[in-house]
Amino acid sequence: MKFGALMTTLGAAALLAACASPTSRFYTLGGGEARPVPSTPAAFFFELAPVDMPQQVARNQLVVQTSPAQVQVLEENRWASLPADEVRRALSADLTQQLGAIDVYNTPHPESVPVYRVKVNVQRFESWPDSQAVIDAVWSVHAVGSDAVLTCRTVAQERVGSGYDALVGGHRKAVDELASAISAGMRSLASLPRTAAGVSGVSGAAAASSKGKAGASVKPAAAPVLPCPSASAAATASAQ
């Protein structure tokens, strides 16, 4: 009888413990509405490097703002992977869809195809429940094999409703906005003539001839400074 009573007590304790243990919920920035790939795919590849993320949010738990100077770490609400990986994966998918290009980061690819390296440094990744999701990022696009570099800043602020699903959805839209700006910048850089982008410059023969005549070498023309894409240009890139 004592053994039976003990087993009953242990079973009840286990049941209470199971009921008391919260169930973790996992969120991802992947997915979303699928958009068609552009009818004219880009004639280049891109390499999206790992994304830099502020240390205070570089954890699996969701970190939400409770005031401008205070945050709360939500143990039961977590990212499926670290936020930097979530943002990179979503950005790569967006850029692939918007450009019709392939992300060849850490992947062998033909040397004859132009490649643009993309680097994203997220300076703010803020989650305000029932208010907004904010991604403030500095990003750059570099034409491999040239001096052509475009460096810009995008601040994406998305209003959100109640609940953590809405908050994560706001971050997904913010990533979409960031991807649209990067897409517009990459298309702008890709539209430059090869010489203007600093790929070829003055030919060796022409430079040698000029040096022989004038006694001084001729430097290749510097890559032009491009303006950062406007909101309208980013919206056009997103719609393509």
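Since only 138, 148, 128 are under comparison, the one whose Cα sits farthest along the positive direction of the charge dipole of the range 99-168, derived from C-beta charges on Lys, Arg, Asp and Glu, is 148. Sorting the Cα pairs of the range 43-190 by distance into bins of 5 Å, from 0 upward, gives 2, 9, 19, 22, 18, 12, 9, 6, 3, 1, 0 percent per bin.
By the Cα gyration tensor, the range 100-174 has an equivalent ellipsoid whose semi-axes, rounded to whole angstrom, run 33, 14, 8 from largest to smallest. What the phi angles of the range 63-74 give under the Karplus curve with 6.51, -1.76 and 1.60, with θ = phi - 60°, is a coupling list of 10, 10, 7, 9, 6, x, 10, 9, 10, 10, 8, 9 Hz, glycine and proline written as x. Positive contributions from Lys and Arg (+1) and negative ones from Asp and Glu (-1), summed over other residues with Cβ under 14 Å from the Cβ of residue 56, come out at -1.
In plain terms, the chain from residue 58 to residue 117 could stretch by 18.9 nm, reckoned as 0.36 nm per residue minus the Cα-Cα distance.
The 3J(HN,Hα) values that the Karplus relation (6.51, -1.76, 1.60; θ = phi - 60°) gives for the range 91-103 are, in residue order, 4, 4, 5, 5, 5, 4, 5, 6, 9, x, 9, 10, 7 Hz. Gly and Pro appear as x. Each peptide in 88-98, 107-117 gets a packing score, the mean of other Cβ atoms within 10 Å over its residues, and the list from highest to lowest is 88-98, 107-117. Summing charges over neighbours of residue 141, with a neighbour being any other residue whose Cβ is under 14 Å away from its Cβ, gives +1 when K and R count +1 and D and E count -1.
Rounded to the nearest Hz, the phi-derived 3J(HN,Hα) couplings of the range 44-58 under the Karplus curve 6.51 cos²θ - 1.76 cosθ + 1.60 (θ = phi - 60°) are 8, 9, 9, 10, 9, 6, x, 7, 7, 10, x, 4, 5, 10, 7, where x marks glycine and proline.
Taking amide H as placed 1.01 Å from N in the peptide plane, residue 61 has its amide H under 5 Å from the amide H of 79, each at least 5 places away in sequence or on another chain.
Summing Lys and Arg as +1 and Asp and Glu as -1 over all other residues whose Cβ lies under 10 Å from the Cβ of residue 46 gives a net charge of -1.
Quick note: the coordinates plus some simple rules give every number you see, no bench work behind them. Quantities reported herein were computed from a predicted structural model and do not represent experimental measurements. All Cβ positions, glycine included, derive from the backbone under ideal geometry; neighbour counts span all protein chains shown.
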